[in-house]
1. Mind giving me the FRET efficiency for residue 82 and residue 209? R0 is 22 Å, r the Cβ-Cβ distance, nearest 0.05 is fine.
2. Run the reach check for residue 58 against lysines, Cα to Cα strictly under 23 Å, same-chain hits fewer than 8 apart removed. What comes back?
3. Based on the Cβ-Cβ distance from residue 28 to residue 112, what FRET efficiency comes out when R0 is 35 Å, to the nearest 0.05?
4. Starting from the amide H of residue 52, placed 1.01 Å from N in the peptide plane, find each other amide H under 5 Å away whose residue is 5 or more places distant or on another chain.
5. So how much slack lies between residue 178 and residue 41, counting 0.36 nm per residue of separation and subtracting their Cα-Cα distance, in nm?
6. Mind giving me the FRET efficiency for residue 93 and residue 163? R0 is 30 Å, r the Cβ-Cβ distance, nearest 0.05 is fine.
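Nothing in this text is a laboratory measurement; each read-out follows from the coordinates by a stated rule. Small disclaimer: the values here were computed from a predicted structure and weren't measured. Here the Cβ positions follow ideal geometry from the backbone for every residue, glycine too, while neighbour counts run over all protein chains shown.
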Amino acid sequence: MGWVIVAGQGTHSIKVDTGYGPGLITVRAGNMCGYSDEITLAINTSLASQVTLSPFTKAVCSGNSNYVLTGGAPAGGTYAGKGVVNGVFNAVLAGPGYHTITYSLINNCFGSAARQIYVGTCLGVKESILSLATEVYPNPASQQITVTVPFIGINTVTVKLVNSQGKEMFTQYYKSYKGSFKETLSVSGLAKGLYLFHVNTNSEVIVKRVLVH
């Protein structure tokens, strides 16, 4: 993109659209007596550094008050969001569900990046019995996946697939599901990569990793 004077031509001050790279500006003064010699100024522009934030691929337990946030680049930036204090995410303050975490440099001149983090209910340190019994197959998958959760009783079940950027790819609701839960869902239209498969019941949230290839 070239350099263009967008305002102020013929006055003491001009506004220039610099485009995306360095360039030259040639100016000269003029009045009723004539014009001065032209002066050429070389102007350098610098592109803003790209700010990135790696995805949060693991669910945070709702009782975790000391989850240190990482993955932001370039270094030296700050994290912000519900439950975030001095770069530490407090899941107790944030509460269950999805929360947006933003990473930006201190002076905000270089932009920012955002990702979602998920807070789930964890039963102690170990994975719950229901989660251990839950199956998502085939994994890796290319066309469809089947999820089975045994012995859920009478439950309202929400099935959700989230990509590595925290974006929900699809959500399915099942009301008053009785007995064991089993459903087959299509993943044929999804891009290759790692996804988080969430199964929400009335009592807990089960999260499984699924690779689409």
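1. According to the calculation, E is roughly 0.30.
2. 82, 126, 160, 167, 192, 208
3. 0.25
4. 73
5. Extending this stretch completely gives an extra 41.7 nm.
6. With a Förster radius of 30 Å, E is 0.70.
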